[in-house]
Each structure stands twice: as structure tokens, then as C-alpha cells.
Amino acid sequence: MQVRSPLRYWFGVPVLVVALLAPVSLFTNSYNRGLLVLIAIYAVGGLSLDYIMGEMGQFSFGHAAFWGFGAYVSAKLALDLGISPWFGFVAAPVAAGLVGLLIGYIALRRTRGLELAIVTLGFGVLAWTVALRWRPVTGGPSGLRQIPPPSLFGWEIRSEMAYYYFALILLLGVVFILSRMREARFGRAVRSIHENEDLAKSIGVSATKYYVLAFSFACAMVGFSGALYAHHFRFVNPNLLGLQYMFIFLIVVLVGGTGTLWGPVMGSVIFVLVSEWLRALQEYRFLIFGVVLLLVVLFMPSGVYPALQKASGRLRERSDSKGQVFSGGQKHESGGAKGG
Amino acid sequence: MNWDIIGQQLWNGLLSGSIYVIFAAGLSLVFGVMRVINMAHGELTMLGAMLLYTVTKLVGLGYFAGAALVVVVMAMAGFLVNRVTVRPFLGRSELVVILSTVALSFMLLNGSLVVWGSTPKGVDEPFNEIVKLGGVYITTAGLLLVGVCFTAVLALYLMLTRTKLGKKTRATGQNLLGARLIGINTTAVYDTTLIMASGLAALAGVLIVLVSTASPNLGQPLLITGFAVVIVAGMGNVAGAVAVGLFLGVTEALFGQFISTYYRQGYLYVVMIIVLLLRPQGLFGRK
């Protein structure tokens, strides 16, 4: 069972102070502040993917497609209909959530695990193809440009610093909602399915219903992150729906640690800063990230955050299964199958 | 309706369908035996094509010698793929293996982009005459491709059904624990399965350059097409993958000709999604 760890609170204070002071102390020029914005955006995206991986114990290869979809929806509304980005921040998650509901309904009724991963991969690539080809609506390969930034009482949130604080508030909001949801009936139902689907069903938890809703919720969250991206960088293109961003979210989640609330946030910080640090290496970067991902999966399966938690000794041991990547996956026939 | 155009598209569809067949056969084999989805399968094909380019253009080997060398080397690399990205994770969840092979795929893709750059490279075919059959233009290199594909898949089929190794392989796929209990060395079976699969993947790579160019970016679209074939056929069903690969190759070409070139690839995913809705276990899969 999930024990609310004291670390979450004691850790939180200095981290929050650092987060608040970062743009005025360490990250002083606008380029570096842009990195902070990116951290917040990837963190929301990572948290949403972790909802599928950590809470549901499933995997979606189409997650970046929902990210890009949210970005396009918000961008399109602002550009074509002149609707305020604020509305876009609501419309993007709603739209992504609805599409997630539909696709989740199609996919989760029948498939779990590996099959689900491949099905969502198919949907994701289909979405990417449409974004690339449907030129009149999506702008084709070059995408959409000059997306307006949001404005508050007539003041445009255009500077990196303002946008960072704006994104930080939203990120904290997302973390807060997620932590509430874990303890709520809904979150417990989802976890019970993750732990043992047949058992959950037998006590009257409708597995498909909860999984479809949870999937849709994660899609809405990543759609929201996409809208944040669109109005900050002010352009969108089909790559946002592609496997490269999928890979980035995957690194954010796995490096940080699945099934932990702060893991993906930490993963996002690590990813953005390391990738910035390696910027001079250009095309070698993704090669290195591939190696890093493999090493993390090999040697630190539960990620950096749980490793830190363990190191900080004051904590009671969390239940063993919780921090493991896909701990629900003992469904391998012939009992765990250590062979090969 | 112009029959020549239809005939030409049937031929083109046969070419791409043959590639799908040999590609999906390897993917399906690994899934069927090991219940592992090898996300790096597309990059193994890509490496086959790029290495062939290197040994023919830069080292100066002929096409056939180069192709044989590349396939053998890549097959041996399959052993490493198993030992580095699959075997360490087998005790853990199935999904972890997806992640490790995704990591491998990213390493291979980005490594290849560094080594070869993203511009497509041409490889000289051993022969390339154009034969006009009715109104349809057929290349001899294309005939070679189709012939080799079907020989390879037939050989795989015979190996699985007629040899002792094939029986061991199928037994391992059906019941790992049972196979071990009766004394089958499942570790060796897993090794040979990935060796065969990478060999097939590389063979697809060296055949692709007969009708197209080699580029580091050819792996990912092929992987996704391969999944469409494997899912429509039913996961792990090698024989089904052959029929579906051919069918999808041909209908995709016709779709591209008569309906929309733009959404040609989208066609495959739509077929995949429809099949999943109506028959989630695939056309030839058992429930």
C-alpha cells in the first residue's frame, strides 16, 4: 500500500525555494529561463506518461501523439478562431481526453501489456501521418507558426520568466491533483486493477471502465502539456507527435522513477539540464541518451528518485513492488520465465 | 480502367509485400517464441542495408559477397542483441524488454545517422535489366528480391516444422517451463531465435537496396509496417504473417495508385485498427 512519505514534504520546501529562485539566480538569461519552462512542460508530460506506466502498469507508445494533438488544438483555436489561449489550455486537455477516451475504449477493452503498446503505437503513427499530410488544417511538415502567447489582464505572458512561473504553478497544480487522486477512490480502484485485475473485478471494480477513464485522464494531462508547449515556443510541427518526443518522455519517467510523484519531475530536470550540457555534441546526444536509457533500465530499474529515497534512510521502506518499473507485469505465462 | 497500371501496381505491391513478409516473419518469430517485441528489428534491417552500402561502395566487394557477409555478421550480432537487451530483462515484466529494445533502436538509429548521415545511399545492383511483360515493367533485380524472400521464408518454415531445432524452438514458444523440464536448453533456443531473426532482418535490408536506396531512416517506418502485418495476422503466427504481408503490400500499392498516395502508409494502420476492433486476436490468431 502507498504510504505517504514524509520526504515529499520535507524535501518539498527547499526544492520549491530553488524552483522559485532559479530564474533570478542561476538561470538569468532568457535562453536559460526557456530551459526552465521546458523542464516544467516535460515534467507535466512525464507525469502523465507515468500515470499510465506507474499507476496503470501499462504502456502507451502513442503518448507523444496526444501531446502534439493538444498543442495543435490549442494552436489552431488561437490562430484560426482568435480564441484566447486560456480557452486553449482548457480545450486542449478536453479534446485530448475525449480522443483518449475513444482510443482507450477501443484498445483497453481487449488489449493489455504488449498488445496495448503496439496498438497505441499504431494510433500514434496514424496521428503523426495525418498531422504531416493534412496540409490545409495542420500546415503539413512545416506546421503552424506565430501562435499567440497567453495574456493576463491585457499583459502578454511573453517573457520566459513570466511563463516559467505560470508553468510552475500549473505543474504544482498537476502534482497536487495527482497526489489527491492517488488517495481517492478512483486512484485506489486503478491501482487495484494494476495489482491484480481478476481480483479487482471480483470485488466489483469495473476494470475496463476505470482503465479507460484513467487512460483518458493521462491523455488529457499530456494534451495540456502540449498546449503549454505550443503557446510558449509558439510553433508546432508534426514531429511533436513522433517517436522522438515519446523517447524524451520515456527518459523523463524512467530516469526519475515510475510510480513516484516527484520522479518524473526530477527526471525532467535531469533530462533538460543534461541534454543542454551535451548540446555541443549535437547528433551524438540521442546516441548517448539511448545508452543512458539502456543503463538505467539495466542498473537502476526504479529510477533516481526512489534511489534517493532509499539513501535518505529516514524513510520507512516502501513496499517493494511500488517503485519497480511495471511491477504489475508478472503475467508472463509459465510463471515469471527467468529463462532464455 | 487501365489494366497495365493495375498490373504494374500488382508488381510493385509484390515487391513491397515480399519485404513486409520477410521483415514480419522475423518479428513474429521473436514474439512467438520469446514473447518479446523487438523494437530494434527495424534498425537491424537498416543496418543490413547501410553495411551493405559500406562493404560494396567503400570496401569494394560485389553485391552477393557483400550481402552474404552482412547477413552473417548481423545474424551473429543477434546473439549480442539477445544477451544485452533481452536476456537480462526476462525475469522482469514483458514491458521492460520493450524499453531496452527501444533504447537499442535509438542507439542504432542515432549512431547510424552520425556514421552515415541522413542522405539516402544507392547500392549497385548485381544486374538490372527491365523486362516488359504485357504492359508491365519488371526488373530482374526485383525478381531476385521476390525469389530470395520466398526461399528464405520457406527455409524458415521447413526449419521450424521439420528439424529438431525447429521442434525445440516451437516447444519453447509454447511452454517455456515445460520445454526446460524435458531438457531443452532454452537459453540456446533464445539465442538462435534472435540470431535467425536478425539474419532475416538484415536479409530484408540487403534486399531493399535492390529496389530502393539505403538510409538510416528506413528502419522506423518499416518497423511500424511490420507491426501492422503482425497484428493483422495474429501475433506470433509466422505463416499468417506471410499471407498478410503479401496482401497488405499489394493492396497498399493499389490504394496508393487509386485512392491517395498521401495516405498510403495510413492505410496500413487503418486496416490494423479495424482488424483489432473486429478480431483482436488477428485474422489467423487463436483466441
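Bear in mind that the values in this text are calculations on the coordinates, not laboratory data. Model, not experiment: these values are computed from the prediction. Using ideal geometry, Cβ is built from the backbone for each residue, glycine included, and neighbour counts are taken over all protein chains shown.
Stokes-Einstein diffusion coefficient for the range A:85-208 at 4 °C in a medium of 1.567 mPa s, Rh from the Kirkwood formula over Cα pairs: what value in µm²/s?
Numbers: Rh = 18.2 Å.
The calculation lands on 71 µm²/s.
What percentages, rounded to whole numbers, describe P(r) for the range B:153-226 computed over all alpha carbon pairs with 5 Å bin width beginning at zero? Answer for the range B:153-226: a P(r) of 3, 13, 20, 19, 13, 13, 10, 6, 2, 1 percent.
Counting only alpha carbon atoms, the long axis of helix B:164-174 and the longest principal axis of chain B meet at about 80°. Membrane-span-like helices in chain A, defined purely by DSSP H runs whose alpha carbon atoms cover 24 Å or more axially and whose average Kyte-Doolittle hydropathy reaches 1.6, are A:7-25, A:85-108. Across the range A:7-332, Cα pairs under 8 Å and at least six residues apart give a relative contact order of 31 percent.
From the largest down, the range A:1-155 spans 47, 46, 25 angstrom on the principal axes of its Cα atoms.
Before anything else, pin down the relative contact order of chain B: Cα pairs under 8 Å, at least 6 apart, normalised by residue count, whole percent. For chain B, the relative contact order is 38 percent.
Among A:TRP134, A:TRP67, A:TRP262, B:TRP11, a tally of other beta-carbon atoms within 10 Å of each Cβ gives an order, fewest to most, of A:TRP134, B:TRP11, A:TRP262, A:TRP67.
The three principal axes of the C-alpha atoms in chain A carry coordinate ranges of 57, 44, 40 Å, sorted with the longest axis first. Summarising the amide proton neighbourhood of B:LYS121: residues at separation of 5 or more, or on other chains, whose placed amide H is nearer than 5 Å comprise B:ALA214, B:SER215.
Farthest toward the positive end of the dipole of chain B, out of B:GLY62, B:THR225, B:SER212, is the Cα of B:THR225, where the dipole comes from beta carbon charges about the Cα centre. Largest first and in whole Å, the equivalent-ellipsoid semi-axes of the protein assembly as shown read 41, 29, 23, each the square root of five times a Cα gyration tensor eigenvalue.
Within 10 Å of each residue's Cβ, count the other Cβ atoms and sort A:CYS219, B:CYS149 from fewest upward.
Listing A:CYS219, B:CYS149 from fewest to most nearby Cβ atoms yields B:CYS149, A:CYS219.
Residues considered: A:VAL190, A:VAL137, A:VAL253. Largest GNM mean-square fluctuation over chain A, using C-alpha springs under 10 Å, is found at A:VAL137. Could you work out how far helix B:219-233 tilts from the main Cα principal axis of chain B, as a 0 to 90 degree angle to the nearest 10? It is inclined by approximately 70 degrees.
Dividing the radius of gyration of the alpha carbons in the range B:146-287 by their Kirkwood radius gives 1.01 for Rg/Rh. Dipole magnitude for the range A:7-332: about 340 debye, using +1 per Lys or Arg Cβ and -1 per Asp or Glu Cβ, origin at the Cα centre.
Springs join every pair of Cα atoms under 10 Å in this Gaussian network model of chain B, and among B:MET39, B:MET107, B:MET50 the largest mean-square fluctuation is at B:MET107.
Along the axis of the charge dipole computed for the range A:155-232 (Cβ charges of +1 for Lys and Arg, -1 for Asp and Glu, origin at the Cα centre), the listed residues A:PHE166, A:PHE224, A:SER179 are led at the positive end by A:SER179. Could you tell me which residue out of A:LEU152, A:PHE89, A:LEU38 lies farthest along the dipole of the range A:1-154 toward its positive end? Charges go on the beta carbon: Lys and Arg +1, Asp and Glu -1, centred on the Cα centre. Projecting each Cα onto the dipole axis, the largest value belongs to A:PHE89. Ranking of B:LYS132, B:LYS121 by neighbouring Cβ atoms within 10 Å, starting from the fewest: B:LYS132, B:LYS121.
Could you estimate the translational diffusion coefficient of chain B from the Stokes-Einstein equation, with Rh from the Kirkwood formula over C-alpha pairs, at 20 °C and 1.002 mPa s, in whole µm²/s? Before the final figure, lay out the partial values.
Numbers: Rh = 19.3 Å.
It diffuses with D of about 111 µm²/s by this estimate.
Around the Cα centre of the protein assembly as shown, unit charges on the Cβ atoms of Lys, Arg, Asp and Glu (plus for the first two, minus for the last two) sum to a dipole of about 1440 debye.
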